[in-house]
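The structure under discussion appears below in the form of structure tokens.
The values are calculated or read from the model by the stated rules, or taken from the named source; none is laboratory data. Everything quoted here is computed from the prediction, not taken from an experiment. Glycine gets a Cβ as well: all are built from the backbone with ideal geometry, and neighbour counts include every protein chain shown.
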């Protein structure tokens, strides 16, 4: 699962635009360092409780609003690495210089912390008569599946949702399970999640060179920094088919073949084109 940093801040209502401007400068650093997204929320329908509430938690004054913010990371390792890099950046980056980019709130009253998700529901699927199932890519790696899984975990921050070896097959002696013992340590099925998408993988039962030439996985992400991160990771020991950059249909698009021969198209969706 992903990892979440949460923040609760009291901000003078008169500093609303100053806060937005400050966040616009600083939040981009988190994205550059691997965050999936950063959300800043201004209090709108926040009740005052009898015992405690959001306002009292940060000792908000009558002329202050409460900002509820969070940063979503692909995993804790990415977050910890980013925080270490930010500690170094604070010494030299002007975005952290209070004289150039003053903090429009009292940082001493800010509450923050890291949270490990323990339960997550998937996003609701479109409910139409014509769409009964999801279409998801299923890749066969001819004996290199576990190697590919480890590569995608390291380079893309992929989360392994399911991983079964042939030896785990409960029907190994039944008609479905008539596979040679030589496949016992190979991957029968795996599901990986990253970038809001899922792919299924297996070693299959064939051998020989991999050939994914007739297909490509298209991965759409929310930010240019995220697109660059995925593209550069997949290009490790791979082959760049089209350098990542601006196109007429996307602010960021690139095509790359990874070291296993899987072709990827990484892109940021053009919101203006979608709305037209």
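The table below lists the values:
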item: The range 25-50: number of residues that are closer than 20 Å to residue 80 by Cβ and part of a loop (DSSP other than H, G, I, E, B); result: 4
item: Members of the range 96-107 that are surrounded by 15 or more Cβ atoms within 10 Å (Cβ to Cβ) and closer than 22 Å to residue 33 by Cα; result: 96, 101, 103
item: Meets criteria (in contact with a helix residue (DSSP H, G or I) (Cβ under 8 Å, 6 or more places away or on another chain), farther than 30 Å from residue 161 by Cα and modelled with pLDDT under 95) for residue 26; result: yes
item: Which listed residue, of 65, 60, 10, is over 21 Å from residue 233 (Cβ atoms), surrounded by 15 or more Cβ atoms within 10 Å (Cβ to Cβ) and touching a residue at least 60 places away in the same chain (Cβ under 8 Å); result: 10
item: Filter pass, residue 95 being within 30 Å of residue 25 (Cα to Cα), in a helix (DSSP H, G or I), under 28 Å from the mean Cα position of the chain (by Cα) and at pLDDT below 90; result: yes
item: Test: residue in the range 57-76 that is closer than 29 Å to residue 153 by Cβ, part of a helix (DSSP H, G or I) and in contact with a strand residue (DSSP E or B) (Cβ under 9 Å, 6 or more places away or on another chain); result: yes
item: The range 13-38, residues that are surrounded by fewer than 18 Cβ atoms within 10 Å (Cβ to Cβ), in contact with a strand residue (DSSP E or B) (Cβ under 7 Å, 6 or more places away or on another chain) and farther than 28 Å from residue 62 by Cβ; result: 37
item: Per-region count, the range 178-192, residues part of a strand (DSSP E or B) and buried (at least 19 other Cβ atoms within 10 Å of the Cβ); result: 4
item: Positions within the range 18-57 being over 30 Å from residue 220 (Cβ atoms), free of Cβ contacts under 8 Å to residues at least 40 places away in the same chain and under 30 Å from the mean Cα position of the chain (by Cα), in sequence order; result: 43, 45, 46
item: Count of the range 113-166 residues which are modelled with pLDDT of 85 or more, surrounded by 10 or more Cβ atoms within 10 Å (Cβ to Cβ) and not in a loop (DSSP other than H, G, I, E, B); result: 25
item: Those residues of the range 1-24 which are outside any helix (DSSP H, G or I) and within 20 Å of residue 108 (Cβ to Cβ), in sequence order; result: 5, 6, 7, 8, 9, 10, 11, 12
item: Among (1) out of contact with any helix residue (DSSP H, G or I) (no Cβ under 9 Å at 6 or more places or on another chain); (2) loosely packed, with under 14 Cβ neighbours inside 10 Å; (3) closer than 16 Å to residue 15 by Cβ - the single one residue 110 does not satisfy; result: (2)
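Here's the yes/no breakdown for (1) touching a strand residue (DSSP E or B) at 6+ places or on another chain (Cβ under 9 Å); (2) more than 25 Å from residue 140 (Cα to Cα); (3) assigned to a loop (DSSP other than H, G, I, E, B); (4) free of Cβ contacts under 8 Å to residues at least 12 places away in the same chain:
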site	(1), (2), (3), (4)
201	yes, no, no, no
204	yes, no, yes, no
209	no, no, yes, no
213	yes, no, yes, no
231	yes, no, no, no
